[in-house]
Each structure stands twice: as structure tokens, then as C-alpha cells.
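Structure record follows, encoded as C-alpha cells.
The values are calculated or read from the model by the stated rules, or taken from the named source; none is laboratory data. Just so you know, these numbers come straight off a predicted model, no measurement behind them. Backbone-built Cβ (ideal geometry, glycine too); neighbour counts: all protein chains shown.
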Amino acid sequence: MRMATMPAVVQYGLNAGQVELREVPVPDVGEDEVLLKVGAVSVCGSDIHQYHATHSWPVNVPVILGHEFTGTVVATGNAVRGFHEGDRVVSETAARICGQCVYCRSGQYNVCPQRRGFGYGINGAMAGYVRAPARCLHPIPDELVFEVAALTEPSCVAYTAVVERTTIRPGSSVMILGPGLIGLLCMMMAKVCGAGTLVVTGLRKDSSRLELARQLGATHTLNTEVEDLAAFVRSLGDGYGVDVVIDATGVSAAFQSAMEVVRPLGQITKVGWGPTPLGASLDPIVQKAVTINGSFSHTYRTWERVIALLASGQLDVSAIAGLVTSMDQWQQAFEAMQSSAVAKAVLRP
């Protein structure tokens, strides 16, 4: 019999620092839901933003943090079919959708206006157990260990941005702005797509992540605080700019850089979040006839393809999880990511 309570990382208020480890009830499951024993949950930049009250999305407090998770089925609702006790699974993040709007009914539920995700809209997985709708679940093979499977969700974010929202052909030149987890995964996805030149940019504090980018396949890395980005791009190929820029930073200055370095008829895909206004002219986009795409979240097909990439080793993210620790060390994990000491921290209950 499972315990009636469990430890969980709870955001209990909307001010900075209002997150703590609490004992909370183990959730019951509804008709269409399953209860998972959490195997691993990775820390997202959004969790850190919520911890520091620098987020730009609504948060329902109190809420258990954590939306990048994997685990084992321990209980199922009466209406659940296809999942059984003992199944190893990963879960999508669209915990609540309306199911009726044009986007839900056409399979694009990632942009449902009523979408609510784990960790901010409803309780997430930084806990011993998490309740999830059965429609969110995907089986994973035994060879996909929980610490790696916990990176499925951010890998899906990168897949959507690079494969589904951007056109990258073999030999394309691609610049990734920001060496955070999503930036690194976008670089790896671009490599899978056959990109030739792969440039990753960051700041002085990102030196360890830029080194990791080189290990993962970047052909060039730049510290934009000391190196002239525009001059570097002029030295590449014909000097007109890169084919594709992926903005994974979420800051306005980076988007201005993207407009400067993308080549005419090139593409900019923005996947990073950030509340700061742009404060710059968009004329370069018109002048260069640039295609701009926003990219958000993922859908069922994306998850199935990414799981296949991870299971086959074609997408090897094992080197990215720089810290794997216990749930009660959550604060150290947050700090390690905040300081850029690691690209990704993973918590195990």
C-alpha cells in the first residue's frame, strides 16, 4: 500500500524564493488518469524562473514544480486502456486541454488557448508520485534509463523548433543563440538534420556550456561579450550571413543579433521565452525578406519520434545531465543550473 503523503517541491507563493520541500498528499486518480511513481524529473529553466519570480506566465499557487518527468505506472483509472501497473512511461506536459477547440480537434493541442501544464497550471512531478492523464503518456523501452528519459520533454521542444518549425537542409549554416539546455538540444537536432556549420553563442558565464557545445558537435562557439558576432558571420562562407538562427535565449538583444546575422531569405526561429520588450526596429526582417517562426511545446507525433531517437542513440543526450541528485537536494540542483555550472540537473525521488 502506498504512503498517504510524500515529499514534494512546492511553490507556495508568487514572490521570489517562495518554494520549499513539503509533505503533501499522494494524489488519487480519476477515471482517465494514471498515477506514476516518479523515476526522474529534470529541472527546467522555467522552474528556476518561478523560483526567482522572473517568469512571464500565470502560475496557480500552491503548485508542485516539475514538468519534465518519467516514471512507472502504479495505478490506473477505470477508463484507462493500454497502460498497466509496472509500465515505464514518459509524460507530455499538456496536462489540461479543452479538447473542443479547432487546435485540439486537429491535433495541435499544444496551442490550445485553455492549455495548462504541469508545474505551473496543475501539480507537477518534483515529488514521489504524480497524477497524469493517460492521453499524455508514452511507453519507453527498458534500455532508456530514467535519467535520460527525463530529457525527452526538452528534446521535444527542440525537435518542434528545429525539425517542424524550421527548414534545415544538409550543409545549412545554423547559429544557436544561447547555450542553455534548449539551445544545446537545438544544436544537436540541427546536427541530426545534416547542418554543416553549427555556431553556438553565449556569454562569459556560459564558458562551461560553450565547451559542452563543442563536445556535442558545435563547429564554432562564441563569447559575444568579447567577440564581434557580426564580424565573425561575415567571415563565414560568402559573408552574407547564416541560413538559420535559433533564438534560445529569451532576451530582446539576442533577437536583434538574429536579425543582424541572418542572411537574406534566411530563417529565424524563436523558442526562448522572455518578458522584455524588443525596443528595436523590425525593418531588417522586411529588408532581408526573412521568415520568422515562433515555436512552442510539442504534440503526440513529436514525442514518438524523439523517443525513437533517444532509444536508438541517434540523439545522445547522456552528457547533458551534469548533475543527478536526490529530491531533497533540489535547491542545490536549481543553483547549479542558475550558475551555469551544469546544463541540466535531474532529480530522483
Total residues in the range 272-290, condition free of Cβ contacts under 8 Å to residues at least 60 places away in the same chain and either in a loop (DSSP other than H, G, I, E, B) or outside the structural domain of C186 (by TED's automatic domain parsing) (or both):
9
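Please pick out the residue among L184, L198 that is in contact (Cβ under 8 Å) with a residue 24 or more places away in the chain and under 25 Å from T93 (Cα atoms). Can you show your working first?
Values: L198 fails: under 25 Å from T93 (Cα atoms).
Answer to the selection: L184.
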Residue count, the range 276-293, condition loosely packed, with under 10 Cβ neighbours inside 10 Å and at negative phi, comes to 3
Considering the range 233-250, residues that are in contact (Cβ under 8 Å) with a residue 24 or more places away in the chain and more than 19 Å from V162 (Cα to Cα), and then whichever is surrounded by the most Cβ atoms within 10 Å (Cβ to Cβ), we arrive at V233
Those residues of the range 249-308 which are among the aliphatic types (A, V, I, L, M) and in contact with a Phe, Trp or Tyr (Cβ under 6 Å, 6 or more places away or on another chain) amount to V306
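I'd like to check something: does the range 93-104 contain any residue that is outside any loop (DSSP other than H, G, I, E, B), buried (at least 20 other Cβ atoms within 10 Å of the Cβ) and touching a helix residue (DSSP H, G or I) at 6+ places or on another chain (Cβ under 7 Å)?
Narrowing the range 93-104 to residues outside any loop (DSSP other than H, G, I, E, B): 96, 102-104.
Add one more test, that the residue is buried (at least 20 other Cβ atoms within 10 Å of the Cβ), and what stays is none.
Among the residues of the range 93-104, not one is outside any loop (DSSP other than H, G, I, E, B), buried (at least 20 other Cβ atoms within 10 Å of the Cβ) and touching a helix residue (DSSP H, G or I) at 6+ places or on another chain (Cβ under 7 Å), which makes the answer no.
Answer yes if at least one residue in the range 255-269 is over 18 Å from the mean Cα position of the chain (by Cα), closer than 21 Å to L65 by Cα and among the hydrophobic types (A, V, I, L, M, F, W, C), and no otherwise. Walk me through how you get there before you give the answer.
Pass one, the range 255-269, residues over 18 Å from the mean Cα position of the chain (by Cα): 255-268.
Okay, now just the ones that are also closer than 21 Å to L65 by Cα, so none.
No, that holds for no residue.
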Single condition L151 does not satisfy, out of (1) surrounded by 24 or more Cβ atoms within 10 Å (Cβ to Cβ); (2) over 20 Å from the mean Cα position of the chain (by Cα)
(2)
Checking V262 against (1) modelled with pLDDT of 95 or more; (2) under 18 Å from S155 (Cα atoms); (3) crowded, with 23+ Cβ neighbours inside 10 Å, the condition it does not meet
(2)
Taking only pairs six or more apart or across chains, which ones have beta-carbon atoms under 7 Å, a first residue in the range 8-25 that is on the phi > 0 side of the Ramachandran plot and assigned by TED's automatic domain parsing to the domain that holds H55, and a second residue that is in a strand (DSSP E or B) and loosely packed, with under 15 Cβ neighbours inside 10 Å?
none
Restricting the range 337-349 to residues that are more than 15 Å from the chain's Cα centre (by Cα) and modelled with pLDDT of 95 or more, which is nearest to L210 (Cα to Cα)?
L347
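Across the range 21-40, what is the number of residues that are within 19 Å of R348 (Cβ to Cβ) and part of a strand (DSSP E or B)?
Residues of the range 21-40 that are within 19 Å of R348 (Cβ to Cβ), as a first pass: 21-24, 26, 35-40.
Add one more test, that the residue is part of a strand (DSSP E or B), and what stays is 21-24, 35-40.
Adding up the residues that qualify gives 10.
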Scanning the range 105-123 residue by residue, those touching a Phe, Trp or Tyr at 6+ places or on another chain (Cβ under 6 Å) and either exposed (fewer than 13 other Cβ atoms within 10 Å of the Cβ) or β-branched (V, I, T) (or both) turn out to be V111
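Could we say that S297 is free of Cβ contacts under 8 Å to residues at least 12 places away in the same chain and either in the same structural domain as V111 (by TED's automatic domain parsing) or not basic (K, R) (or both) here? Break it down stepwise before answering.
Numbers: free of Cβ contacts under 8 Å to residues at least 12 places away in the same chain: no; either in the same structural domain as V111 (by TED's automatic domain parsing) or not basic (K, R) (or both): yes.
No; evaluated as a whole, the condition is false for this residue.
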Of the conditions (1) without any contact (Cβ under 8 Å) to a residue 60 or more places away in the chain; (2) not in a loop (DSSP other than H, G, I, E, B), V74 fails just one. Which one is it?
(1)
Over 21 Å from the mean Cα position of the chain (by Cα), crowded, with 21+ Cβ neighbours inside 10 Å and assigned to a loop (DSSP other than H, G, I, E, B) - does that describe any residue in the range 308-319?
no
Within the range 5-42, considering residues that are under 24 Å from the mean Cα position of the chain (by Cα), of a type in the set (S, T, N, Q) and more than 18 Å from V89 (Cβ to Cβ), the one surrounded by the most Cβ atoms within 10 Å (Cβ to Cβ)
Q11
